[in-house]
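> My structure is below; once you've seen it, I'll send some questions.
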Amino acid sequence: MPKALITGITGFAGSHLAEWLLANKKDMEVYGTYRLRSRMDHIKHIQDDIHMVECELKDPRSVDEMIKAVKPDYIFHLAAQSFVPTSWNAPAETLIVNQIGQVNLFEAILKHQLDCTVQIACSSEEYGQVYAHEVPIKEDNPLRPLSPYAVSKVGQDYLGYQYYQSYGLKTIRTRTFNHTGPRRGEAFVTSNFAKQIAEIEKGIKPPVLYVGNLQAKRDFTDVRDVVRAYWLAVEKGVPGEVYNIASGVTYTIEEMLNKLLSLSQAAITITPDPSRMRPSDVEILLGNYDKFHQQTGWKPEIPFEQTLKDLLDYWRARV
Ligand SMILES: Nc1nc2c(ncn2[C@@H]2O[C@H](COP(=O)(O)OP(=O)(O)O[C@H]3O[C@H](CO)[C@@H](O)[C@H](O)[C@@H]3O)[C@@H](O)[C@H]2O)c(=O)[nH]1
């Protein structure tokens, strides 16, 4: 049986991808890496159907042993320090986890001469400073990263390119724009606002919702559409290539907030919280996903309103 390995399977996208593979690729064995301190809540319901392997990506020996033991046919490299604000507080750690972790993975694959396809979770944050005439953004847009996180993803992206060119490692880079849905970490904006609304509805918190920069524009895709794209990337994508995964629609964070508020009966006051502002924030992300659509036929299917409703209901069931 072919084997799919998901780094970061205990996380948001990783757990959704594992679910999708179990439901749609019945001839595939699903493996995932975890660290001793990983929380298992997101995969508890599927733990009997997947194989979990302990691995610290920062440690080359740990990665080497994991790759030697699993020998995957497909790798979905989703594990990362993925929160932009953390990257200003911990830039070195962000670079080590994201870039060195990936180098360790690549080196282990080469050492064990695996013939596997590796999807790399790159990011629209890499585009960073984007000018009005450049949207919707195509893959050949200049990369002008505005955070240590974005720089770390540029590094992952270019390492993917370089290992393909140098060694023929079959990497496929996906530059995914913002994605959300149930299980989204509460630090990220959609989940953070949805959780605050759910807490206000339950009377756990006063009716005040704290916000950062509401003028930023983001292109949101449902995580369940995104993980389907990740499978199509390894199945139909061209090794060495890079693809945008996006919805092709952009909303200001304020418009997204208003959509969430319209799903609630609660009377809520919006209050700016200066600690939520960033040293520099990407003003607009709006992706052109034509290249990926032409290669794989993928397009997003779940409407944003449905995604936000599912996310709010997720928090309503938890707070
Ligand atoms: N987190 C957060 N963001 C806020 C808030 N208020 C406004 N924002 C704004 O909401 C936008 C989205 O913030 P995040 O949800 O934290 O996501 P991100 O920085 O855009 O990064 C996400 O998308 C990338 C792809 O573009 C991913 O690569 C990254 O891992 C992450 O998922 C940013 O412009 C941020 O300033 C708030 O209270 N919390």
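> Among what's in segment 144-162 and is within 21 Å of Asp281 (Cα to Cα) and among the polar types (S, T, N, Q), pick the residue that is surrounded by the most Cβ atoms within 10 Å (Cβ to Cβ).
Of all residues in segment 144-162, those within 21 Å of Asp281 (Cα to Cα) come to 144-157.
The next check asks that each one be among the polar types (S, T, N, Q); those that pass are 147, 152, 156.
On the way: Ser147: 22, Ser152: 29, Gln156: 23.
Checking each candidate, the answer is Ser152.
> Could you grab the pairs with beta carbons closer than 7 Å, sequence gap of 6+ or different chains, first residue in segment 220-243 and more than 17 Å from Gly287 (Cβ to Cβ), second one assigned to a strand (DSSP E or B) and among the hydrophobic types (A, V, I, L, M, F, W, C)?
Val234/Ile172; Pro239/Ile172
> Same structure, new question: For segment 151-190, how many residues are part of a helix (DSSP H, G or I) and either more than 8 Å from the ligand (Cβ to nearest atom) or at pLDDT below 95 (or both)?
Final tally of qualifying residues: 16.
> Would you pick out the residues in segment 1-40 that are touching a Leu at 6+ places or on another chain (Cβ under 7 Å), part of a loop (DSSP other than H, G, I, E, B) and buried (at least 20 other Cβ atoms within 10 Å of the Cβ)?
Gly8, Gly11
> Looking at segment 41-51, which of its residues are touching a residue at least 40 places away in the same chain (Cβ under 8 Å) and part of a helix (DSSP H, G or I)?
Quick first cut of segment 41-51, residues touching a residue at least 40 places away in the same chain (Cβ under 8 Å) only: 42, 50.
The one that is touching a residue at least 40 places away in the same chain (Cβ under 8 Å) and part of a helix (DSSP H, G or I): His42.
> Limited to segment 191-215, what total is found for residues that are in contact (Cβ under 8 Å) with a residue 24 or more places away in the chain, assigned to a loop (DSSP other than H, G, I, E, B) and away from the ligand (no atom under 14 Å from the Cβ)?
Going through segment 191-215 one residue at a time, the tally reaches 3.
> Moving on. State all residues of segment 57-80 that are surrounded by fewer than 19 Cβ atoms within 10 Å (Cβ to Cβ) and either at positive phi or not in a helix (DSSP H, G or I) (or both); if no residue qualifies, say none.
Here is the first cut: in segment 57-80, the residues surrounded by fewer than 19 Cβ atoms within 10 Å (Cβ to Cβ) are 58-62, 64-65, 68-69, 71, 73.
Result: Lys58, Asp59, Lys71, Asp73.
> Next question. How many of the residues in segment 41-56 are loosely packed, with under 15 Cβ neighbours inside 10 Å and in contact with a helix residue (DSSP H, G or I) (Cβ under 7 Å, 6 or more places away or on another chain)?
So the answer is 1.
The values are calculated or read from the model by the stated rules, or taken from the named source; none is laboratory data. No experiment lies behind these values; they were computed from the predicted model shown. Ideal geometry is used to build each Cβ from the backbone, glycine not excepted, and the neighbour counts take in all protein chains shown.
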